[in-house]
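Working notes, beginning with the structure itself.
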Amino acid sequence: MGSGNNNRLSRRGLLLGAAASTIGTAVSATASATAATDAGDMLDLNRRYDFYGEVGQAGIRTPPQRHIFYMTFDLTSPLRRDLQVLLARWSGAIAQLMQGGTIGQVEPSRPNATGFDTGEALDLGPASLTVTVGLGPKVFTDTYGLADQKPPLLRNLRQLPSDDLKPELTGGDLSVQACADDPQVAYHAVRDLARIAKDTGAAATRWTVMGFGRASAGKGQTTPRNLLGFKDGTRNIIEEADFEKFIWLKEGGPSWQRNGTYQVVRKIKMHIENWDTDRIGDQNNVFGRFKVSGAPLTGAEEFDTPDFRKQDPGGNLVIPATAHIRLAAHENNNGLRILRRSYNYTDGINEIGLLDAGLLFISYQNDPAHFETIQEKLGASDALNEYISHIGSGIFFVPPAPRKGSYIAQEMFT
Ligand code: HEM
């Protein structure tokens, strides 16, 4: 990773500064709990990450950037060679984009020539862009002569109790997750990759979500909030040892898949107006945490360990049986843990004028069944179900980062 020191901004620092100048020192007691200087939360639009590497692709362990543009693609050519060319061309382009470059000329000198790069990210800097490519189940079929290369645990997700999936928001044979601290940088990357897909004839766009406001935290970052107003990402995977244990593939399948992982994505719509009329005591019980501090209902500070056995004087569980964190916690799932790397999204307003928004939930795990196990429990009893619907879904194998001079999943073709 290279990074410059110009253009460093802390959004929270700026906001607190602005608030202090307009309302003097009257910052409320609850808001003053947040610190304005947090190194992991500084925006540095010159920061860049490497696409090539030895372990997992960038965009998984990378501290979540502020924006995402996520897109899935359908394979449109039955030719193995077209898929191979697409992955090679995408890889070359992504490597350049992540360095803050263009993927070709924006303004060719011959007036009747067409620009190759669309140009809207010129002058914006790399903005911590990462582009993470996933391969869906259809890649590993006889059509492409790749059936014997299939990651052992890649398959369509089983039907889950929460499913209200719309076909037009579900599936896909390839996925592209572009994250950046500038939304236009993320958009530009996906747009230009979609152009390459069309150009090769290998793939066509399927569904997409533009997300803002990371809803998960990486190492050194403060915990952000989802659109229900709760801190999201408090108990997430951040330690190297947990990545080794729960995220990167270590055994089984062809050796080129080591340090790959499985990506599950769910477009989860929130019934925001209903939520907004719910009493705060109920909202806290839905998650099992306090809204402002993020502390578990059995604690005082955000990072206090929840006590799932604690009862009130009346003998009721303090963190209710239907609380989201009780059902999802590793203590109550035989130690299972997944990495959550989600974003808030909005699609504006719907046909009857209601806010159309939710969570683009993205998880990484070394076995998709880990997601299913947790989601099966949540789908059956989570108090949150009253306020959400799972409307989109996808599953992809995310190969390890390519080594310099090679491209994503190159080894599976040779
Ligand atoms: C719109 C949907 C969702 C919302 C708003 C939401 C929100 C939250 C919040 C506020 C927390 C507590 C803070 C934290 O530790 O991060 C949390 C925890 C968690 N959520 Fe979700 N979540 C959603 C969907 C899901 C799904 C689909 C899964 C997985 C199947 C999931 C798995 C988890 C896990 C594993 C934890 C950590 C529990 C713990 O160890 O205490 N969540 N979620």
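Can you tell me which of 217-227, 122-132, 169-179 comes out highest on packing, and rank the rest after it, using the mean Cβ neighbours within 10 Å? Write out the running numbers ahead of the final one.
Values: 217-227: 17.5, 122-132: 22.5, 169-179: 24.5.
Final packing ranking: 169-179, 122-132, 217-227.
Kindly identify the range 348-414 as rounded, prolate or oblate by the Cα gyration tensor criterion: order the square roots of the eigenvalues as a ≥ b ≥ c, call it rounded if a/c is under 1.5, otherwise compare a/b with b/c, prolate if a/b is larger, else oblate.
Working: a/c = 4.14, a/b = 1.82, b/c = 2.27.
Here the range 348-414 falls in the oblate category.
Once you put a point 7 Å from the Cα of K166 and another 7 Å from the Cα of K138, both along the Cβ direction, what distance in nm separates them?
Each label point lies 7 Å from its Cα, and together they span 2.0 nm.
Given an 8 Å cut-off on Cα distances and at least 6 residues of separation, report the relative contact order of the chain as a percent.
Values: 898 pairs, mean separation 96.0, N = 414.
That works out to 23 percent.
Take the alpha-carbon centre of the range 273-302, take the same for the range 111-183, and report the distance between them in whole Å.
With the range 273-302 and the range 111-183 each reduced to a Cα centre, they are spaced 35 Å.
What does a probe at R155 reach in the range 332-367, counting residues whose amide N is under 18 Å from the point 7 Å along Cα→Cβ?
365-367
Where does each of 337-343, 108-114, 234-240 land if you order them by average Cβ count within 10 Å, highest first?
Working: 337-343: 24.0, 108-114: 7.6, 234-240: 16.6.
Ranked by mean Cβ neighbours within 10 Å, highest first: 337-343, 234-240, 108-114.
Going down the table (K245/K310; K269/K310; K291/K377), which pairs top 27 Å between alpha carbons?
Numbers: K245/K310 30 Å; K269/K310 32 Å; K291/K377 23 Å.
Going by Cα-Cα distance, K245/K310; K269/K310 fall outside the 27 Å limit.
Mind giving me the FRET efficiency for E54 and D276? R0 is 41 Å, r the Cβ-Cβ distance, nearest 0.05 is fine.
Values: r = 47 Å, r/R0 = 1.14.
After rounding, the FRET efficiency stands at 0.30.
Which value results for Rg/Rh of the chain when Rg is the Cα radius of gyration and Rh the Kirkwood radius based on the inverse mean 1/r?
0.97
Would you mind computing, in nm to one decimal, how far apart the modelled labels at H330 and T414 are, each placed 7 Å from Cα along Cα→Cβ?
Going by the 7 Å Cα→Cβ label model, 3.6 nm.
Take every Cα-Cα pair in the range 283-376 and report what % of them are more than 24 Å apart.
Numbers: 1577 of 4371 pairs.
For the range 283-376, the share of Cα pairs beyond 24 Å comes to 36 percent.
Pairs K166/K267; K138/K198; K198/K267: which are spaced more than 20 Å apart, C-alpha to C-alpha? It would help to have the intermediate numbers written out before the result.
On the way: K166/K267 10 Å; K138/K198 18 Å; K198/K267 25 Å.
Beyond 20 Å between Cα atoms: K198/K267.
Put +1 on the Cβ of each Lys and Arg and -1 on the Cβ of each Asp and Glu in the chain; which of L154, V209, L165 then has its Cα farthest toward the positive end of the dipole?
L154
I'd like the trypsin sites (Lys or Arg not before Pro) in the range 373-414 restricted to DSSP loop residues with at most 13 other Cβ atoms within 10 Å, sorted by number.
Numbers: sites: K377, R403, K404; in loops: R403, K404.
Those satisfying the criteria are R403, K404.
How large is the dipole of the chain about the Cα centre if only Lys and Arg carry +1 and Asp and Glu carry -1, each at its Cβ, rounded to the nearest 20 debye? Please list the in-between numbers first.
Numbers: 43 positive and 46 negative charges, 119 e Å.
Here the chain has a charge dipole of around 580 debye.
Coordinate-derived values only; no laboratory data. Predicted model, so just to flag it, every value in this text is computed and none were measured. Glycine gets a Cβ as well: all are built from the backbone with ideal geometry, and neighbour counts include every protein chain shown.
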